[in-house]
Ligand code: KG4
Ligand code: ZN
């Protein structure tokens, strides 16, 4: 097998990223990975503003690529192929990345691969841990929430996902409701350490419904109602804030754990050697990791959580997905276009609602 050096580009949400990856499917290493965030640009707006994101990507992409090449101590002469996120995501950002990748590919005569962002997340456990197919992936971030059985580089079966907010989105919104800073996930996890998770009765949405679909927006409304009873003179006491944070986090853990049990029951019918993998920023949460580890043990299943830098949005995963797929697909040409919605499992029912990254995939 030949060793390929591939440049990856990612700009589908609020991170401008470029990476150089070297190797082959199942045996590649990240030579460099640069992620330029935009948190400060969106801080005053309470969420990612698509137009601001697109403009920032257009400004930063060249710099991210130059920095990734420099850190890898290579030039474009050493690159064999270019991979870019072609969707799903905020369309302005995806267009910026696709245009940048097309420019490099056409100028240098390199093959171009448009990659599904979710495939990048879903294939990461093979990059980091060489996990064999098929494995079960729980993707939980600010923009995504779904269970996938990953059986090949382009073979994904979705077992279920959120019908409204993604969990990270819920963490961020709840943090705003209880006056904690953004991003909400780490702030809630920290505050919850001082809280009593049993003080408030919060719902565990959709556990009474069969299957692996999830919902987090009702939980948000329930926290809002409790908060409104507790506010005195416009402020929330620190203990009330901690108890709400702990109660909310415990509810998310319970929902993810129970839905993972159901997904594992489906997956267990397919194979004897089993691995549960998790990706996305929410996978940083220790309470969630502990809950998933326990469930994996119940099912005699391995548990893999890639290092955080490769769990959250990055371009190494995009380069790696192209590396996995290039054996079985032709490169794209200059007609490659950005797709705001691009479900991994084309046969699954479309998800309802819209997340931080636009329409749910
Ligand atoms: O994967 P990611 O970096 O970006 C996308 O959304 O694609 O995930 C960011 C999300 C944010 O919503 C953030 O609040 C959440 O991940 N997050 C966490 C934690 N760290 C980050 N959620 C819960 N607990 C955490 N420790
Ligand atoms: Zn992502």
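None of the figures in this text is laboratory data; all of them are computed from the coordinates on show. This is a predicted model, so every value here is computed, not measured. All Cβ positions, even for glycine, are placed from backbone atoms using ideal geometry, and neighbour counts span all protein chains on display.
If you count the DSSP beta bridges with both ends in the stretch 132-309, what percent of them are antiparallel, to the nearest 5? Rounded to the nearest five, the antiparallel share is 60 percent. Taken along the Cα-to-beta-carbon direction at a fixed 7 Å, the label points for residue 52 and residue 176 span 1.2 nm. Spacing of the modelled spin labels on residue 154 and residue 224, each 7 Å from Cα toward Cβ, amounts to 4.3 nm.
Antiparallel beta bridges, as assigned by DSSP with both residues in the stretch 35-165, represent about 70 percent of the total such bridges. Relative to the dominant Cα principal axis of the chain, helix 167-177 is inclined by about 50°. Considering only 109, 160, 280, the mean-square fluctuation computed in a Gaussian network model of the chain, springs between alpha carbons under 10 angstrom, is largest for 109. Computed over the Cα atoms of the chain, the ratio of the radius of gyration to the Kirkwood radius (Rg/Rh) comes to 0.98.
Can you give me the C-alpha center-to-center distance between the stretch 4-45 and the stretch 136-215, rounded to a whole angstrom? Going from one Cα centre to the other spans 24 Å.
Antiparallel as a % of all DSSP beta bridges within the chain, to the nearest 5? Expressed as a percentage, antiparallel bridges in the chain total about 65.
Taking other Cβ within 10 Å of each residue's Cβ, how do 243, 272, 14, 129 sort, fewest first?
Numbers: 243 23, 272 6, 14 27, 129 15.
Ranking 243, 272, 14, 129 by Cβ neighbours within 10 Å, fewest first, gives 272, 129, 243, 14.
Seen from a random direction on average, the alpha-carbon convex hull of the stretch 132-309 projects onto 10.1 square nanometres.
Please check which bits of the stretch 256-275 a label hung off residue 207 would reach, taking the label as a point 7 Å along Cα-to-C-beta and the cut-off as backbone N under 20 Å. Taking a point 7 Å out along Cα→Cβ of residue 207, the residues of the stretch 256-275 whose backbone N falls under 20 Å are 256-266. Mind pulling the angle between the C-alpha long axis of helix 50-72 and the longest principal axis of the chain? Nearest 10 degrees, somewhere in 0 to 90. Helix 50-72 sits roughly 60 degrees off the main axis of the chain.
Build a GNM of the chain with springs between Cα atoms under 10 Å apart, and of 206, 323, 123 the one that fluctuates most is 206.
Once the C-beta distance of residue 75 and residue 286 is scaled by a Förster radius of 41 Å, the resulting FRET efficiency is 0.50 to the nearest 0.05. Fewest-first ordering of 73, 258 by other beta carbons within 10 Å of each residue's beta carbon gives 73, 258. The angle between the Cα long axis of helix 238-268 and the longest principal axis of the Cα atoms of the chain comes to about 60 degrees, rounded to the nearest 10. Expressed as a whole number of Å, what is the distance separating the alpha-carbon centroids of the stretch 99-122 and the stretch 50-77? Comparing the Cα centres of the stretch 50-77 and the stretch 99-122, I get a distance of 13 Å.
Give me 293, 260, 128 sorted ascending by neighbouring Cβ count inside 10 Å, so fewest comes first.
293, 128, 260
Relative to one another, the C-alpha centroids of the stretch 231-248 and the stretch 279-347 are positioned 35 Å apart.
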